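K.L.:
What follows is a single structure, and I will ask about it in a moment.
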């Protein structure tokens, strides 16, 4: 009986050890899951930010295109005026790189601007891309495709 | 007593374990719900992007209609509208950012419109240059297919009304009121050229006729000029270009006030 009692006490001690291991394992699991969840949240948030940046860019181009100014600047080759107008419309702190293409020979696209149309140092980690069709309002129709990369100024 | 305490502690530790498990479960489920809500927000912003894209393409369909009407009203062929819309549809197909985009159109044909174009310049006191077409834009995305139907109408209308006052002999002062409308809303004119008919031929009104044009700023222009004519009724014509370079002509006959 005495021997059995000593054995039972030893078993209890061993059980306690196992519980400690399980506790530690659970703690590690909780911490890691917290890390995983927060990483996922950060990703979702940056995707939303990128979407809103793209939306801002698209709306700015639409605003410029409403009275046909966007098409007029491109048709006239006045890329300086285009850069200044877009810089004025976009909220402060947003930088952009813009490229204008014209469709030639059915589906081939030819780049129109030789120099990069930008409003400053484009050095952002958060980049949104906007593709916009611009049809001119002039009596002779011209269709352009505009590619804009937008980022938050650093 | 000690045995009882120990027993209580043992039973308590079991309860504590259940409470802790419950707390962790609540924590996990609330985090899951939060992440789910956040992902729903991201999905709705994707939908908003497609809505923005449709708005942008609608804007460019309108630009194409304006360009076509400017061309046709200045002497171009009516077929220009269909040709221009085909060009736009082809460029739309080349966009790949949101998936495959297909733009279909049907120009309006009725008692007024022929191949989507209506030019009515001979009606008394009013002139209309208009274009109308129906569109279907289909967006074949990775997850969704969206179809948007819309109609675009671009209309430039001008109205003209007036009378004349005999100043003495054959000299007459003609007073006119000319109004310009874009899609039934007041709009500014880029240029208005006036002509009057004398002995069966149309004569341009210029500065030698003491021409005065007062811009009321709301698309209405008060015009006056003097002419030498013995006619009792003076036909007048206003040739107007709106700010979009769409041409419209309106005729009226002026009688003595």
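K.L.:
Say each of residue B:231 and residue A:25 gets a label point 7 Å from the Cα, pointing the same way as Cα to Cβ; how far apart are those two points in nm?
P.N.:
Those two pseudo-labels are separated by 10.5 nm.
K.L.:
Which value in nm describes the separation of the simple spin-label points at residue B:74 and residue B:32, placed 7 Å from the Cα toward the beta carbon?
P.N.:
In this crude label model, residue B:74 to residue B:32 measures out at 6.5 nm.
K.L.:
For a quick check, take a GNM of chain B with Cα springs below 10 Å and name the residue from B:120, B:30, B:237 with the largest mean-square fluctuation.
P.N.:
Answer for the Gaussian network model of chain B: B:30.
K.L.:
Can you give the FRET efficiency for residue B:123 and residue B:222, using 1/(1 + (r/R0)^6), R0 = 30 Å, r = Cβ-Cβ distance, to the nearest 0.05?
P.N.:
That gives a FRET efficiency of 0.85.
K.L.:
Using the eigenvalues of the Cα gyration tensor, what equivalent ellipsoid semi-axes result for region B:173-239 when each is taken as the square root of five times the eigenvalue, whole Å, largest first?
P.N.:
The three semi-axes for region B:173-239 are 24, 12, 10 Å.
K.L.:
A follow-up question, please. I need the calculated FRET efficiency for the pair residue B:83 and residue A:84, taking r as the beta carbon distance and R₀ as 51 Å, to the nearest 0.05.
P.N.:
With R0 = 51 Å, the Cβ-Cβ based efficiency is 0.90.
K.L.:
Still on this structure, I have one more. Over all directions, what mean area does the Cα convex hull of chain B project, stated in square nanometres?
P.N.:
With the hull built on Cα positions only, its mean projection is 24.8 nm².
K.L.:
In degrees from 0 to 90, rounded to the nearest 10, what is the angle of the helix B:79-93 Cα long axis to the longest principal axis of chain B?
P.N.:
The answer is roughly 20 degrees.
K.L.:
Ok, one more. Work out how much length residue B:210 to residue B:171 would gain on full extension: take 0.36 nm times their residue separation and subtract the Cα-Cα distance, in nm to one decimal.
P.N.:
12.8 nm
K.L.:
Tell me, what is the FRET efficiency for residue B:114 and residue B:193 to the nearest 0.05, using R0 = 30 angstrom and their Cβ-Cβ distance as r?
P.N.:
So, using R0 = 30 Å, E works out to roughly 0.70.
K.L.:
If you don't mind, another one. If I fit a long axis through the Cα atoms of helix B:2-73 and take the longest principal axis of the Cα atoms of chain B, what angle between them do I get, 0 to 90°, rounded to 10?
P.N.:
It is inclined by approximately 20 degrees.
Coordinate-derived values only; no laboratory data. Computed from a predicted structure; not experimentally measured. Cβ sites come from the backbone with ideal geometry, for glycine too, and all protein chains shown count toward neighbours.
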